[in-house]
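Engineer: Handing you a structure now.
The values are calculated or read from the model by the stated rules, or taken from the named source; none is laboratory data. The structure displayed is predicted, hence computed values, not measured ones. Neighbour counts are summed over all protein chains in view; Cβ atoms, including those assigned to glycine, are modelled from backbone coordinates with ideal geometry.
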Amino acid sequence: MHMESTVPDTPKLPATRSRSAASGKRATNLSLSADVLDAAKRLDINISQACDSFLRGFVRREQERRWREEHADFIAAYNAGIESEGLPLDEWRSF
């Protein structure tokens with residue numbers, strides 16, 4: 001049983017005090033490609049929602065990548081220990 005390099009859930013940041021504090025959102029300025037923005041508007045795509053959704057996934061993947069990088073030595077050592085010594089209490093496992 002190898003240790004998985006999964007990241008524990010990141011605690012949510014407290015909502016900022018702004019006009020949309022109840023939703024936990026904050027206004028920002030973005031520069032987007034004009035052609036893509038125009039196409040998204042023609043397709044009735046909610047730009048804020050699309051950007052938020054993409055950025056949320058992007059941030060999560062980056063957090064996971066950094067966590068795996070920061071803990072790579074421990075994970076490798078743990079997995080090497082399991083390979084050489086087996087699982088703790090494995091001799092009593094009935095399945």
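Engineer: Could you run through segment 25-44 and say how many residues are part of a loop (DSSP other than H, G, I, E, B) and loosely packed, with under 12 Cβ neighbours inside 10 Å?
Structural biologist: Residues flagged as part of a loop (DSSP other than H, G, I, E, B) and loosely packed, with under 12 Cβ neighbours inside 10 Å within segment 25-44 amount to 9.
Engineer: Identify all residues within segment 49-67 that are loosely packed, with under 12 Cβ neighbours inside 10 Å and among the polar types (S, T, N, Q); write none if there are none.
Structural biologist: Within segment 49-67, 49, 53 meet the criteria.
Engineer: Please identify the pairs in which a residue from segment 16-33 that is farther than 15 Å from residue 56 by Cα has its Cβ atom under 6 Å from the Cβ atom of a residue that is in a loop (DSSP other than H, G, I, E, B) and modelled with pLDDT of 65 or more, counting only partners at least 6 apart or on another chain.
Structural biologist: From residues that are farther than 15 Å from residue 56 by Cα, the pairs are 16/26; 18/26.
Engineer: Quick check, is residue 89 of a type in the set (A, V, I, L, M, F, W, C), loosely packed, with under 11 Cβ neighbours inside 10 Å and touching a Cys at 6+ places or on another chain (Cβ under 9 Å)?
Structural biologist: In short, no.
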